[in-house]
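First the structure, in the form of structure tokens, and then the observations on it.
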4 protein chains.
Amino acid sequence: TQYADYIIGVGNKPFDIRSIGILPGVRDIHRVSDAYKLVSKKWRVEDTRISLGDGLEIGTGSFSIMAGPCSIESAAQVEETIAHLKAAGVRIMRGGVYKPRSSPYAFRGLGMEGLKLWHEKAREAGIKIITEVMMVEQIEPMLEYVDIFQVGARNSQNFNLLDALGQVDRPVLLKRGISGTIEELLQAAEYIFSNGNERIMLCERGIRSYEGAYRNTMDINAIAMLKAKTHLPVIADPSHGIGLRQFVDKIALASVMAGADGVIMEVHGQPEKAFSDGQQTLSYQEANRLYSRLRQAFELREQF
Amino acid sequence: TQYADYIIGVGNKPFDIRSIGILPGVRDIHRVSDAYKLVSKKWRVEDTRISLGDGLEIGTGSFSIMAGPCSIESAAQVEETIAHLKAAGVRIMRGGVYKPRSSPYAFRGLGMEGLKLWHEKAREAGIKIITEVMMVEQIEPMLEYVDIFQVGARNSQNFNLLDALGQVDRPVLLKRGISGTIEELLQAAEYIFSNGNERIMLCERGIRSYEGAYRNTMDINAIAMLKAKTHLPVIADPSHGIGLRQFVDKIALASVMAGADGVIMEVHGQPEKAFSDGQQTLSYQEANRLYSRLRQAFELREQF
Amino acid sequence: TQYADYIIGVGNKPFDIRSIGILPGVRDIHRVSDAYKLVSKKWRVEDTRISLGDGLEIGTGSFSIMAGPCSIESAAQVEETIAHLKAAGVRIMRGGVYKPRSSPYAFRGLGMEGLKLWHEKAREAGIKIITEVMMVEQIEPMLEYVDIFQVGARNSQNFNLLDALGQVDRPVLLKRGISGTIEELLQAAEYIFSNGNERIMLCERGIRSYEGAYRNTMDINAIAMLKAKTHLPVIADPSHGIGLRQFVDKIALASVMAGADGVIMEVHGQPEKAFSDGQQTLSYQEANRLYSRLRQAFELREQF
Amino acid sequence: TQYADYIIGVGNKPFDIRSIGILPGVRDIHRVSDAYKLVSKKWRVEDTRISLGDGLEIGTGSFSIMAGPCSIESAAQVEETIAHLKAAGVRIMRGGVYKPRSSPYAFRGLGMEGLKLWHEKAREAGIKIITEVMMVEQIEPMLEYVDIFQVGARNSQNFNLLDALGQVDRPVLLKRGISGTIEELLQAAEYIFSNGNERIMLCERGIRSYEGAYRNTMDINAIAMLKAKTHLPVIADPSHGIGLRQFVDKIALASVMAGADGVIMEVHGQPEKAFSDGQQTLSYQEANRLYSRLRQAFELREQF
């Protein structure tokens, strides 16, 4: 790993771990009975904080806001968004340049070109970039333009992609699958971690349920439970979690109380004209009101 | 109804509502296109507040806490619980005397005898009683001992029971079905309301999902959406919503931020010895800490 | 029970069952570790066959067809349906006189009056009646007019109703809850059985899933598994299982291969004019074609 | 495409299609209002049959059996399986050389080496190979050794992989996502088809539901509905559909009656020693009995 070498022993025979612990060069040894090992709190008790540079950190003890449009659409849109974020003190901008779309006929994003123009403007402004990567071949070209790689819900069990992101020196935000279990999410994180990349955030973004009144069903329980099971930061995505603009603020605030270390949310100058996901995107004004409330709710939570 | 007479017109033909509006004796007329009518905010814009007497009200603008054991077990347990609630300023006590149990061999509650002993002690202490009613025949005998009738998840579409509760002068807390939709819950409330009882609270208590890591999946979205769709108060049940003691506080606090008008939660002197649901029940100490946090979170929300 | 007395011992202490087995008056003793006991194949190895009189039996080794309208609508409709069934050699007629409806404003059935007129015509024709009972008070008046009581999906955990049906001398068809588990269904049957009524059929009628393309998701697995877990007959309801007329035949035939002992299906002279469920109801012509195919499929299955 | 060029027009403006239809070079023109176009029966009325060479075809009018182990394990295992298939008249062998596994510590398959040894023996025996491809980079090396590419449930919305498979001259069996909708499955197929590869089979392999009694819940409705919505062949996977060996036969037979054009199933010389999925794998003897029954059930269905 970027810190030190692990040896994970997996096996079926009873075993006295001390026989390894006394070997030369072994600093520490743990026995972990879950299907995931390294991401478990049983293995690492202290919560992981992820540094993005420039004094920016994500994890227990702080609350991180990542905001921006669903899709990067134009230079003007990027500039406008950055101005909005700067004014609001938000330091991480989300946006898609490769878009997974159910239909092959829908807009699939501006690709590398979009990423480069975004990167140029974000660097100037001191804003960090989080964006989705969809396949192994995209990692290398995207690497220098990206601060956090996002793995989308549809790729949460794309194991080759997870393996490859484990070998890269960039934090990864891993979204839960559309009907992924807690355990599958932790095992997916284990793919990345066991390949050597320890800077992983988990993201609850709503699950698929029988209820058709919203796009997804935000699983608030998952946030509370993940914080107990793993040392990794947990981020909430209230925009996808309910999928209806009018309720995004309440779901975001609920996520704070459930223990989230941050939110990733969709914001756009004119939500009704966004290329995608407009119905779940906040306007700048709505977003500003929510940022302020999130910070107050976090402050209250920290006093508990 | 207890307030005035409604005439609900249901039909398929186009219609000029003014032809009714001008008839003598008609005070007001509304057109409502949802499958539910009277419980909709389209019909009544102002939120319903439910009075329990003694200055106690439930609904928008206040936050109500209902706490107590899953099952009423003994006089000593009732006394102890009441002492706990009084000290904490909680004025409504929950407890089951008729218990719906999946297995016929499980404890089914103390019945009317338990209710009477509970009632005696609660009246003295000025504590209100909420308890589950399971069948039409129980309503009449229970009536004088109960302040709020609870309809459980398994009875949320027991339409005869709903009809009968619509004809009774007691508030009703109606739980969402185990996999009930928002619309089904509102239609179930419509059964009660259209029979004349307007004092209904809706309760989100978690839904059944594929995720096996918790007993139920708290649908935080439902709380936000119900507050927008109906004028009725919305109560959260965090105990059943996740089913694991360790997380009940976070889910309760999240529910406040989602817009809940109160919580109903399980508390017991010795949760590990409770006759039922012990694994999701808070101790008095845990409950006290949570009551305080809930009030702070509500106060913050009201400032938003 | 109608056959003999059971004593069910439920407890947590280790126990030598022989100490009971040697007591006078004890004929047999079983240890059953599931949450359900009497309905388990571990307790009774031989499959239960239910006699309806007149040589009509339901259970392993034969295939039973129950058909008729969703709702009993009129004397003419009853006569027409009976004529259709007689011609097709179908001996059990389904039909609702008490209808559980999500909305209080929907048609709720003709009640006892409808049942009586139906009964008169059915008796003449030698046709048996299966119809839904919704509450305890309905059992007594319905008893003499009904050959099989049906418990609907919404009442599958109405434990008082189950208790009461356990004390009645009529077979019961128990539908699985809208999102009921296999275990809950078996435990619900245990309520009836442990009260003394052993003539129970279980009915798979589709479950609620995330898929919105059909009304319910027929759980074909459940049919195969129930036949292995319990000695009770298992009936398929393909009409509710998919909820779309066009596919009812395929789902019915699939159920035969999965091991069902019969089907209950909706048929109507003019499905498009049915008071309820018309979109999942077959015409007489469609039904006749299906009866014939079901019998052929059953015959093939019995050769396997 | 491999047959001719399509132009798909997607847009929001009302449009007179005849203005295109009269242009030179246009052979045919269709208006399709679903989210999927080319895979819809509205676009192509006649069912697609897929030729694998050597007179082997898949689609309406015949019933195809694909059988083999979950994972390719050794040369001996391959030989033994081929002998079994030859004797049974089964011409397509399934087997995994790249295995998607929830845990990074589980067996991930023998890779290209395993595929090559399998291919050598299969070619000799005249047996076709279907195996899973997990990422774009694997397509090229696998191409000459594979007769049908399988896309697994976890990759059913790996859109880059689908795009790439659309440009390859090999049939594709596309599995439904773990909680994929009918519409998502058809749109995923549209990705492949619109890239030019029309030889696609859809596979129902069970969905994730709340029911924990089986690995997945076979969605028998999906088979019936897919056959009505698309001209592509539909294959059932009863092994994953229920995940329990004891019931695979019943689910497979049910799938025939629901309209499946074939099955893909797991079979192994010693299921209890299989590297993966042993609990849902049939022995040769069990499989032989099932092949025979499947053929009889198909024959009966074709007479209907």
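The values are calculated or read from the model by the stated rules, or taken from the named source; none is laboratory data. Note that the coordinates shown come from a computational prediction; the quantities given were computed from them, not determined experimentally. Virtual Cβ from ideal backbone geometry, glycine too; neighbours counted across all protein chains shown. All accessible areas refer to the heavy atoms of the entire protein, side chains included, with ligands and DNA or RNA removed. Shrake-Rupley method; radii C 1.70, N 1.55, O 1.52, S 1.80 Å.
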Chain A, relative contact order in percent, only Cα pairs under 8 angstrom and at least six apart counted: 18
Rounded if a/c under 1.5, otherwise prolate or oblate - segment B:61-102, Cα gyration tensor axes: oblate
Label spacing, shortest first and in nm, from C:ARG289 to its equivalents in the remaining copies (7 angstrom along Cα→Cβ): 3.4, 5.8, 6.7
Between helix D:75-88 and chain D: long-axis angle, C-alpha atoms, 0 to 90°, nearest 10: 70
Principal-axis tilt of helix A:284-303 within chain A, Cα atoms, nearest 10 degrees: 30
Helix axis angle, C:220-229 relative to chain C longest principal axis, alpha carbon, degrees: 30
Lysines whose Cα lies under 27 Å from that of C:LYS273, excluding same-chain neighbours fewer than 8 positions away: B:LYS13, B:LYS37, C:LYS86, C:LYS99, C:LYS116, C:LYS121, C:LYS128, C:LYS175, C:LYS250, D:LYS229
Antiparallel DSSP beta bridges within the protein assembly as shown, as percent of all bridges there, nearest 5: 15
Equivalent ellipsoid, the protein assembly as shown (semi-axes from 5 times Cα gyration tensor eigenvalues, Å): 45, 42, 32
Per residue value of the accessible surface for chain D (all protein chains in place, 1.4 Å probe), Å²: 37
Alpha carbon convex hull of segment B:37-303, projected area averaged over orientations, nm²: 13.0
FRET efficiency, C:LEU143 to C:ALA106 (Cβ-Cβ, R0 22 Å, nearest 0.05): 0.25
For D:LYS41, inter-copy label distances in nm, listed shortest first [label point 7 Å out on the Cα-Cβ vector]: 3.7, 4.3, 5.3
Cut-off 19 Å, label 7 Å out along Cα→Cβ of D:GLN270, residues of segment D:58-79 by amide N: D:68-79
Selected from B:GLY89, B:GLY126, B:GLY212 as most flexible by GNM, with chain B as the system and alpha-carbon contacts under 10 Å: B:GLY212
Per-residue average of Cβ from other chains inside 10 Å of D:176-188: 5
Nearest beta-carbon to the C/B symmetry axis - residue in chain C, distance in Å: C:SER179, 2
Considering only segment D:46-303, percent of DSSP beta bridges that pair antiparallel, nearest 5: 15
DSSP-defined antiparallel bridges as percent of all bridges, segment A:151-247, nearest 5: 10
Position B:PRO141, label points 7 Å along Cα→Cβ, spacing to each other copy in nm (shortest first, one decimal): 2.3, 7.5, 7.6
Per-residue average of Cβ from other chains inside 10 Å of B:243-255: 6
